[in-house]
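The values are calculated or read from the model by the stated rules, or taken from the named source; none is laboratory data. Here the structure is a predicted model, which is why all the values come from computation and not from measurement. When we count neighbours, we look across all protein chains shown, and the Cβ atoms used for this are built from the backbone with ideal geometry, even at glycine. Side chains included, ligands, DNA and RNA excluded: accessible areas come from the protein's heavy atoms. Shrake-Rupley method; radii C 1.70, N 1.55, O 1.52, S 1.80 Å.
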Amino acid sequence: GRIAAEGAICIVENAKQAVVIEINSETDFVSRDENFVAFVKAVTEAALQSGVTPIEALSVLQLKDGMTVEEARQALVAKVGENVQLRRLVLSNPNAGTVGSYLHGNRIGVIVELDTDNKDLARDIAMHIAASKPIVISPDNVPQDIVAKEKEIYMEQAATSGKPQEIIEKMVLGRLKKYLDEVSLTGQPFVKDPDVTVGALLNKHRAKVLAFHRFEVGEGIEKVSEDFREAVMSQVKSG
C-alpha cells in the first residue's frame, strides 16, 4: 500500500508498433537497480510481443525466464524491499504509417503515430513532445469546457482595463489563440527550429500526427511530503 511515485519509463519498438510503459518504485535509488531495470525491460518486451492491453492483463503473461509478470514482480519486491507497481501502458496502432519514439533517460517517454512513412520526422516530433508537453494535437482538439474557462478568465482580466468592449473582445480572442497554440502540438514552435511551428513542419512533409502519448514518471501521483522536523519533534515529545 506504500506510495510508489518513482520508477522508470520504457519503450520497445518493432517494425510496426511501439509500446510505452511506466513501472513505479518508491525511490529513485531502486529505479536504477539492475534487477528493477531488467524487470521493466522484460515486461515491456513481453507487452509488445503479446499485444496485450490494458496493463492489468500483463500480470499473467509469461516472461522468457518462465515466470509470469506477477511472479517476477513479487520476487522483485522481496529482493529490493520496496513496493513495485505496473502503472500504465500504451500500444501504438499497427496501421499507422510510422511510429516514432523518444526516451529521455528513463524519466520521460513519447511515442508518436504519423500517417506517412517518415521515421526521422516521427522521432523529431516525439523529441519535441518530450520537451514541450502539448496536451492535444491541434487547437481544435482542446476541450470546449477548458476553452470556455480560459475565455472567462481573460474576460475578467480585460474588464478591468477600462477599454471599450470591442477592444476587449479583440484582446481576449488574441490571448485565447495564443493559449490554444501553446497547448497544442501543431501550434507550438518546433524545438529544433523555433522559427517554424510543428504544424508548418508537418505540412512541409505532407504528414499528419494521428496520435501521441507522453509518459513522465510519477505524474499525477500524489506524493506524501513528510515534515522531518515535525516528525522528530513529535518523537521527542512522545519520548
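Things worth noting here:
- Among the criteria (1) open to solvent by 20 Å² or more (accessible area, probe 1.4 Å); (2) over 25 Å from G220 (Cα atoms), the one T27 does not fulfil is (2).
- Qualifying residue in the stretch 185-204 (condition: closer than 24 Å to P94 by Cα and open to solvent by 50 Å² or more (accessible area, probe 1.4 Å)): yes
- For I221, the conditions (1) open to solvent by 70 Å² or more (accessible area, probe 1.4 Å); (2) at pLDDT below 95; (3) under 20 Å from the mean Cα position of the chain (by Cα) all hold with the exception of (1).
- Leading residue by the ranking (nearest to V84 (Cα to Cα)) among those in the stretch 7-23 that are touching a residue at least 12 places away in the same chain (Cβ under 8 Å) and more than 14 Å from the chain's Cα centre (by Cα): V12
- Of the candidates A96, A126, the single residue that is over 30 Å from A5 (Cβ atoms) and under 20 Å from the mean Cα position of the chain (by Cα) is A96.
- Among (1) farther than 20 Å from V217 by Cα; (2) open to solvent by less than 40 Å² (accessible area, probe 1.4 Å); (3) modelled with pLDDT of 95 or more, the one test that G51 misses: (3)
- Only one entry in E45, E71, E56 is open to solvent by 40 Å² or more (accessible area, probe 1.4 Å), in a helix (DSSP H, G or I) and closer than 30 Å to K119 by Cβ, namely E45.
- Condition met for R87 (open to solvent by 70 Å² or more (accessible area, probe 1.4 Å), part of a strand (DSSP E or B) and under 30 Å from E6 (Cα atoms)): yes
- Leading residue by the ranking (farthest from K119 (Cα to Cα)) among those in the stretch 177-202 that are in contact with a helix residue (DSSP H, G or I) (Cβ under 6 Å, 6 or more places away or on another chain) and of a type in the set (A, V, I, L, M): L180
- Checking the stretch 98-105 against the condition returns a match, with at least one residue being closer than 14 Å to I21 by Cβ and not charged (D, E, K, R).
Rundown of residues vs (1) farther than 19 Å from S101 by Cα; (2) at pLDDT below 95; (3) of a type outside the set (A, V, I, L, M), yes/no style:
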site: F39; (1), (2), (3): yes, no, yes
site: A42; (1), (2), (3): no, no, no
site: I55; (1), (2), (3): yes, yes, no
site: M67; (1), (2), (3): yes, no, no
site: A72; (1), (2), (3): yes, no, no
site: K79; (1), (2), (3): yes, no, yes
